[in-house]
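**Student:** Below is one structure. I have some questions about it.
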Amino acid sequence: MPDNTLTITDNRTGQVYTVPIENGTIRAMNLRQIKADPEDFGLMTYDPAFMNTASCRRAIPYIDGDRGILRYRGYPIEVLAERCTFLEVAYLLLFGELPTASELKTWVHDITHHTMLHETTKKFMEGFRYDAHPMAMWVSTVAAMSSSYPDARNVKNAENRLLQIKRLIGKVPSIAAMSYRYNVGFPYVYPDNDLSYTENFMNMLWRMVEPKYVANPVLSRALDILFVLHADHEQNCGTATMRTVASAETDPYLATASAAAALAGPLHGGANEEVLKMLDEIGSKDNVYPYIKRVKEGHGKLMGFGHRVYKNYDPRAKIIKWTAEQVFEVTGRNAKLDIALELERIALEDDYFVKRKLYPNVDFYSGIMYQAMGFPPEMFTVLFAIPRTAGWLAQWQELITDPEQKITRPRQIYVGHDQREFVPMEKRNAAAAQAR
Ligand SMILES: CC(C)(COP(=O)(O)OP(=O)(O)OC[C@H]1O[C@@H](n2cnc3c(N)ncnc32)[C@H](O)[C@@H]1OP(=O)(O)O)[C@@H](O)C(=O)NCCC(=O)NCCS
């Protein structure tokens, strides 16, 4: 008998089944043959929150959570952050290889020439309340692009997909900048094609009356590094949403907006904003210890700590810490850094966090750096969503071209009533009282 199989004995029937093991997994559908009787539907697995279920085969990001390793297409994240620009990495994610100089030139040109938004976007933006959260504006505006590009529905056409990918990667910083300018009440700034991806983003955010925006090179590079770090990260909540929605052959604008809606949650990409709120609440280094004590007693969580996959230091957090130091040399040190460092120091020595393998994640230091650069906390998750768009789109390409994939449709275990007699309105109070 080959070694790479699993033998299962069903103690209800005494039947023995052998199923193949491939890549450390068994196919859930192989369990369906295991039946208590011929009428039985067959065995399923129950896995709330997908703690132990692989839903796809992927060749892009690789994570070893126990050792704190992240690679994109085989390249360690540390090397990509140090040596590449974000658009170079986006190319790697989408096309599988690092671009040659001429491929990169064409790619950058193509993305740069898709940064302009349809003029009606301004009117759309004006419909938001003056204090609308930029992430809500970003998600809605990305979804609204579906109405400007109805051709995007043709998801089976590779050329068409590539066009939508370029549009999305090109336009998401423009939408982000518009949401920001709307919030602060400044007129929108049009893209400047002479500038790099992050410089242009900074131009659209912060240009005032100067004829040409000149970005501080340390800050634009820091932003670029942050974009590299956030570009893709396996089957997290937002990415799984992207795949679920895209599996229905929904267009990439709506699918990206859905993924971003998931990202907005405080347990996911919204954590970076929550970290800043937490540091504000702590207020000073002296209050760190009592705060941690409260968390251990079950009052809230340490935001920016813990991860479903990393049970070691998140490698991205290390790079962000280093990048933040470069940023602070330009902007001055963010006073919250001292509170964060103290929090990390105490938590990493504390049995509660050690036992549960809770380490700082990507969101722990990013907010402190973003704040020093001049971003308000409400923008932090938008800054996560911009680069993650490239990762979502790489997932989308993989999904659409994977012959094994079908529309996503998990199963459920029904635990409700059997069929019941309908209760007419006049008898419902009595029926409800009886049921209680
Ligand atoms: C990221 C996160 C959602 C992962 O959740 P998960 O894999 O489902 O892990 P669990 O919630 O099962 O956590 C395991 C244990 O650690 C504790 N824990 C997890 N994260 C914690 C945190 N940030 N602070 C305090 N305790 C935490 C849980 O309470 C649980 O304790 P228990 O075993 O006594 O019940 C979770 O760690 C979290 O909420 N972190 C804060 C939000 C955050 O930073 N999110 C960004 C992720 S990149």
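**Student:** Can you tell me which aspartates and glutamates have their Cα less than 16 Å from the Cα of residue 355? Leave out same-chain residues fewer than eight positions away.
**Tutor:** Excluding near neighbours in sequence, the set is 66, 297, 344.
**Student:** Still on this structure, I have one more. Could you count how many Lys pairs in segment 47-169 have their Cα atoms under 24 Å apart, skipping same-chain pairs fewer than 8 positions apart?
**Tutor:** Values: 105/166; 122/166; 123/166; 156/166.
Lysine pairs meeting both conditions in segment 47-169 amount to 4.
**Student:** Same structure again: Could you check how much of the accessible area of the chain is carbon and sulfur, as a whole percent, using a 1.4 Å probe?
**Tutor:** 54 percent
**Student:** OK, next. Using the crude model of +1 on Lys and Arg Cβ and -1 on Asp and Glu Cβ, and no other charge, please compute the dipole size for the chain relative to its Cα centre, in debye to 20.
**Tutor:** That gives the chain a dipole magnitude of about 620 debye.
**Student:** Residues with amide H under 5 Å of residue 5's amide H, sequence separation 5 or more or different chain, H placed in the peptide plane at 1.01 Å from N; which?
**Tutor:** 21
**Student:** For the pair residue 35/residue 329, report the inter-label distance in nm, with labels modelled 7 Å from Cα in the Cβ direction.
**Tutor:** 7.0 nm
**Student:** For a protection proxy built on the mean count of beta-carbon atoms within 10 angstrom, sort 382-388, 174-180 highest first, please.
**Tutor:** Those peptides, ordered most packed to least, come out 382-388, 174-180.
**Student:** Figure the gain on full extension for residue 417 and residue 69 (residue separation times 0.36 nm, minus the Cα-Cα span) and round it to one decimal in nm.
**Tutor:** Taking 0.36 nm per residue and subtracting the Cα distance, the gain is 120.6 nm.
**Student:** Tell me, what is the per residue accessible area of the chain in Å², probe radius 1.4 Å?
**Tutor:** Heavy-atom SASA per residue in the chain reads 52 Å².
**Student:** I've got another one for you. Of 280, 402, 338, 232, which has the most accessible area and how do the rest follow, probe 1.4 Å?
**Tutor:** 280, 338, 402, 232
**Student:** Can you find, among 84, 46, 59, the residue farthest towards the positive end of the dipole of segment 1-105? Put +1 on the C-beta of Lys and Arg, -1 on that of Asp and Glu.
**Tutor:** 84
**Student:** Cα atoms only: what Rg and Dmax, in Å, come out for segment 1-151?
**Tutor:** Calculated on Cα positions, Rg and Dmax stand at 24.6, 69 Å.
**Student:** Rounded to the nearest 10 Å², what accessible area does residue 22 show when all protein chains are kept and the probe is 1.4 Å?
**Tutor:** Solvent-accessible area, nearest 10 Å²: 100 Å².
**Student:** Shifting gears a bit: Can you tell me, using C-alpha contacts under 8 Å and at least 6 residues apart, the relative contact order of segment 296-370 as a whole percent?
**Tutor:** Relative contact order for segment 296-370 comes out at 57 percent.
The values are calculated or read from the model by the stated rules, or taken from the named source; none is laboratory data. Just so it is clear, the structure is predicted and the values come from calculations on it, not from any experiment. When we count neighbours, we look across all protein chains shown, and the Cβ atoms used for this are built from the backbone with ideal geometry, even at glycine. Ligands, DNA and RNA are stripped out before the accessible areas are found, and what is left, the full protein with its side chains, is counted by its heavy atoms. Shrake-Rupley method; radii C 1.70, N 1.55, O 1.52, S 1.80 Å.
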